[in-house]
Amino acid sequence: MATRFVQQSAQTILILLLMVVPISLGFVTVVQAHGGGYPQISNQPVGPYRVSVWTQPQPLRAGSQAHFTIAISKPLGKPGSLAENAGVPVLGADVQVELIPLSGNTSTLMLQAKSGSGINKLYYETDVEMPAAGRWEVFLAINGDEGGGSTMFEIEVEPPSTTRWILWVSAAVIGLTAAWSARAYQHGTGIRKIILVLAVTSVLTVSGSAAAAHLTGPTLPAIVSSPASRFWPFGSSAEPDLVIEVQASQWKWVFNYPAAGVQSTELNLPQGQTALIKIDSTDVLHSFAVPDFDLNENVLPGKSTFVKITPLESGKYVLTCESFCGVGFADMLADVQVLPAKDFDAWLAQEKTKQLND
Ligand SMILES: [Cu+2]
């Protein structure tokens with residue numbers, strides 16, 4: 001009698017464990033990296049201020065958190081004066097964010113963006129779970145010591161990611177398999193028990209890895225590493241396919257392809273090849289950030305910063321500066337274009353001819 005009780009208890013505990021693990025996986029939410037994101041407005045005049053707004057993630061999705069990052073600065077000089085482009089961050093302003101749905105019958109959301117909470121204390125930030133997909137108007141109202149102003153822009157919210165279902169389906173499969181197999185095991189004998197154990201193990205492995213693959217998040221379109229110097233890591237396998245020298249300054253990017261003698265205002269990269277990127281600042285602290293690559297490296301003046309990028313998917317991305325480097329920092333944008341290797345070579349050759357003739 002006692003043995004039977006122990007057996008039953010052990011089975012119950014096993015079933016509970018098998019059900020609790022996948023269900024808890026389903027509730028894991030990926031923590032948002034605060035600060036930065038996808039640029040929505042850049043250095044726009046709003047009352048006496050200049051305002052920039054970023055959203056994260058890209059794309060925004062219904063049923064998921066949307067993160068808004070807002071930078072407010074005040075120009076120091078009058079237009080045309082020497083100090084025109086100098087600015088100071090504005091702190092302690094009242095920043096209201098109103099989200100107005102442009103379709104459907106969802107109601108308007110009112111948010112208050114707060115400064116000093118994120119990694120960069122100069123940003124105002126707020127989070128909200130987007131209740132519906134479609135276009136939304138974002139109305140931004142700012143009130144500070146210097147006065148007030150408002151601006152508007154639109155955002156697109158995509159339907160919930162379908163891959164989220166993979167989690168629930170695998171959780172259900174694991175749970176049902178566990179419950180059914182425990183019962184079958186109780187009534188089975190000999191070889192049947194062995195077959196059962198093998199079958200259950202394989203179902204759990206497949207469902208578990210499907211859930212795990214989902215939890216590790218979407219695959220980035222590029223492999224990125226930030227070696228501390230040109231010679232790290234050691235070894236010839238680390239030798240890049242090309243070297244690009246980048247100059248960061250208030251408030252622009254210049255890209256040099258020294259092997260070809262080409263200079264460009266956009267960062268073109270060959271797909272599937274490893275580019276070693278050497279970044280130098282000619283003035284203040286900047287940062288080299290490609291949100292789509294999950295890349296954000298500080299660039300200090302007087303010290304080279306190295307980044308290795310191996311883009312896997314061709315397409316257009318955006319390079320931004322995530323460091324507050326003066327009033328024009330939000331304008332420090334450049335196109336990043338990943339081209340198939342032969343298109344990249346053609347572009348480089350064409351630029352070389354063009355620049356030799358200039
Ligand atoms: Cu900068």
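The values are calculated or read from the model by the stated rules, or taken from the named source; none is laboratory data. Worth saying up front: this structure is predicted, and the values here are computed from it rather than measured. Methodologically, a virtual Cβ is constructed for each residue, glycine included, from the backbone with ideal geometry; neighbour enumeration extends over all protein chains shown. Ligands, DNA and RNA are excluded from the accessible area calculation, which covers all protein heavy atoms including side chains. Shrake-Rupley method; radii C 1.70, N 1.55, O 1.52, S 1.80 Å.
Whole-Hz ³J(HN,Hα) for each residue in the range 335-343, computed from phi via Karplus 6.51 cos²θ - 1.76 cosθ + 1.60 with θ = phi - 60°, x for glycine and proline: what do you get?
Whole-Hz 3J(HN,Hα) from phi for the range 335-343: 6, 10, 10, 9, 10, x, 3, 6, 5.
Could you give the length gained on full extension between K352 and V169, defined as 0.36 nm per residue of separation minus the Cα-Cα distance, in nm? It would help to have the intermediate numbers written out before the result.
Details: separation 183, 0.36 × 183 = 65.88 nm, distance 5.42 nm.
Gain in length upon complete extension: 60.5 nm.
What is the packing order of peptides 64-70, 110-116, taking the mean over residues of other C-beta atoms within 10 Å and listing the highest first? Intermediate values should be presented prior to the final figure.
Working: 64-70: 21.3, 110-116: 14.7.
Output ranking for 64-70, 110-116: 64-70, 110-116.
Using only the alpha carbons of the range 47-158, determine the length spanned along each of the three principal axes and report them from longest to shortest in whole angstroms.
That gives 48, 27, 23 Å along the principal axes, largest extent first.
Tell me, how many Å apart are the Cα centres for the range 169-199 and for the range 104-157?
51 Å
Run the numbers for S202 and N298: contour at 0.36 nm per residue of separation, minus the present Cα-Cα distance, in nm.
Values: separation 96, 0.36 × 96 = 34.56 nm, distance 4.59 nm.
Gain in length upon complete extension: 30.0 nm.
Quick one: length gained pulling L220 to E266 fully straight, 0.36 nm per residue minus the C-alpha distance? Numbers along the way, then the final one.
Working: separation 46, 0.36 × 46 = 16.56 nm, distance 2.09 nm.
Contour length minus the Cα-Cα distance gives 14.5 nm.
Hey, got a sec? Which GluC sites (Glu not before Pro) in the range 307-358 land in a DSSP loop and have at most 12 other Cβ atoms within 10 Å? If you can, show how the numbers build up before the last one.
On the way: sites: E313, E322, E351; in loops: E313, E322.
Taking the range 307-358 and a limit of 12 other Cβ atoms within 10 Å, no loop GluC sites (Glu not before Pro) are found.
Using a 1.4 Å probe on the protein chains only, how many percent of the accessible area of the range 222-357 belongs to carbon and sulfur?
Details: 3230 of 6320 Å².
The nonpolar share, carbon plus sulfur, comes to 51 percent.
Highest mean first, how do 243-251, 299-307 rank when packing is the count of other Cβ atoms within 10 Å averaged over residues? Don't jump to the answer; show the numbers that get you there.
On the way: 243-251: 19.1, 299-307: 16.0.
Per-residue mean Cβ counts within 10 Å order the peptides as 243-251, 299-307.
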